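Taking it in order: structure first as structure tokens, then the write-up.
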Amino acid sequence: MNATIASYNLYCINVRCKNSVFNEIEETRIGFTEKNILEKHTCKACRRPLVSMMDIEIERTLFRAGIKLLQ
Ligand SMILES: [Zn+2]
């Protein structure tokens with residue numbers, strides 16, 4: 001199988017940020033490239049690091065297990 005993902009979305013998870021997933025979800029769509037995956041992306045509004053849906057799912061699963069990764 002040779003399926004490639006062209007791009008993915010990043011989200012702000014800062015509760016107090018107006019652009020976060022807790023308010024008006026603003027998606028940041030970026031290309032699925034080595035550079036973008038390794039690079040840190042920050043929210044335009046609050047400057048906190050943006051996370052992908054996969055990061056959120058991993059965080060949720062670990063939270064349920066009582067493990068905290070992201071600050
Ligand atoms: Zn933000």
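The values are calculated or read from the model by the stated rules, or taken from the named source; none is laboratory data. Note that this is a predicted model, so its numbers are computed, not measured. Every residue, glycine among them, receives a Cβ derived from its backbone with ideal geometry; neighbour counts consider all protein chains shown. For the accessible areas, the whole protein counts, side chains as well, though only heavy atoms, and no ligand, DNA or RNA atoms are used. Shrake-Rupley method; radii C 1.70, N 1.55, O 1.52, S 1.80 Å.
In the stretch 61-71, how many residues are modelled with pLDDT of 85 or more and either closer than 15 Å to residue 13 by Cα or touching a Leu at 6+ places or on another chain (Cβ under 8 Å) (or both)?
Taking the stretch 61-71 and keeping what is modelled with pLDDT of 85 or more, we get 61-66.
So of that shortlist, the ones also either closer than 15 Å to residue 13 by Cα or touching a Leu at 6+ places or on another chain (Cβ under 8 Å) (or both) come out as 62-63.
Qualifying residue count, the stretch 61-71: 2.
Which one is farthest from the ligand (Cβ to nearest atom) among residues in the stretch 35-60 that are closer than 12 Å to residue 13 by Cβ and of a type in the set (A, V, I, L, M, F, W, C)?
Among residues in the stretch 35-60 that are closer than 12 Å to residue 13 by Cβ and of a type in the set (A, V, I, L, M, F, W, C), the one farthest from the ligand (Cβ to nearest atom) is 53.
Please specify each residue of the stretch 17-66 satisfying the condition of being at positive phi and surrounded by 10 or more Cβ atoms within 10 Å (Cβ to Cβ). Steps first, please.
Filtering the stretch 17-66 down to residues at positive phi leaves 47, 66.
Within the stretch 17-66, just 47 meets the criteria.
Identify the residue in the stretch 1-48 that is in contact with a helix residue (DSSP H, G or I) (Cβ under 9 Å, 6 or more places away or on another chain) and of a type in the set (Phe, Trp, Tyr) and, among all such residues, is nearest to residue 59 (Cα to Cα).
Applying the filter and picking the extreme gives 11.
Kindly list, by first and then second residue, each pair from a residue in the stretch 31-46 that is closer than 20 Å to residue 19 by Cβ to a residue that is open to solvent by 60 Å² or more (accessible area, probe 1.4 Å) and within 16 Å of the ligand (Cβ to nearest atom), limited to pairs with Cβ atoms under 6 Å and residues at least 6 apart or on different chains.
Sorted first by the residue in the stretch 31-46, then by its partner, the pairs are 40/49; 42/49; 45/18.
Could you grab me the full set of residues in the stretch 25-52 that are of a type in the set (A, V, I, L, M), within 13 Å of residue 7 (Cβ to Cβ) and assigned to a strand (DSSP E or B)?
Selection gives 30 alone.
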